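J.: The structure follows.
No lab work stands behind these numbers, since they all come straight from the coordinates. For clarity, every value in this text was computed on a predicted model and none was experimentally measured. Please note: Cβ atoms are built from the backbone with ideal geometry, for glycine as well, and neighbour counts cover all protein chains shown.
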């Protein structure tokens, strides 16, 4: 658990009364209610930053895919996907095929 630090805040009377009422309803100290709210605020900010980062990353990956498409098409020119060896069912699932099963003694 992190160290607790005492701080002093000033609130308008209506907010202070509201906060005390909510703390009473929750049977929590006012400081615990404030700590919970600040924790939620910090988590929301973190989540928003992560979402923004994921969105930017997705945009970059989409641009990369679009930029790569002509090169991939050129490299695969004349190739047929049907010509590519297809993995067996057991290999796709990471399992063993019948020929590689250990024998019992």
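J.: Kindly indicate which of 35, 23 is closer than 23 Å to residue 2 by Cβ, surrounded by 11 or more Cβ atoms within 10 Å (Cβ to Cβ) and in contact with a helix residue (DSSP H, G or I) (Cβ under 6 Å, 6 or more places away or on another chain).
T.: None of the others qualify; the one that does is 23.
J.: List every residue pair whose Cβ atoms lie under 7 Å apart, where the two residues are 6 or more positions apart in sequence or sit on different chains, the first residue falls within region 44-70 and is touching a residue at least 12 places away in the same chain (Cβ under 8 Å), and the second residue, located anywhere, is in a helix (DSSP H, G or I) and surrounded by 10 or more Cβ atoms within 10 Å (Cβ to Cβ).
T.: none
J.: Now for a different question. Does residue 55 count as out of contact with any helix residue (DSSP H, G or I) (no Cβ under 9 Å at 6 or more places or on another chain) and under 30 Å from residue 6 (Cβ atoms)?
T.: Values: out of contact with any helix residue (DSSP H, G or I) (no Cβ under 9 Å at 6 or more places or on another chain): yes; under 30 Å from residue 6 (Cβ atoms): no.
Criteria not met by residue 55.
J.: Another one. Against the definition (within 33 Å of the chain's Cα centre (by Cα), part of a loop (DSSP other than H, G, I, E, B) and surrounded by 10 or more Cβ atoms within 10 Å (Cβ to Cβ)), how does residue 50 come out, yes or no? Reasoning before the result, please.
T.: On the way: within 33 Å of the chain's Cα centre (by Cα): yes; part of a loop (DSSP other than H, G, I, E, B): no; surrounded by 10 or more Cβ atoms within 10 Å (Cβ to Cβ): yes.
Spelling it out, it is not the case that residue 50 is within 33 Å of the chain's Cα centre (by Cα), part of a loop (DSSP other than H, G, I, E, B) and surrounded by 10 or more Cβ atoms within 10 Å (Cβ to Cβ).
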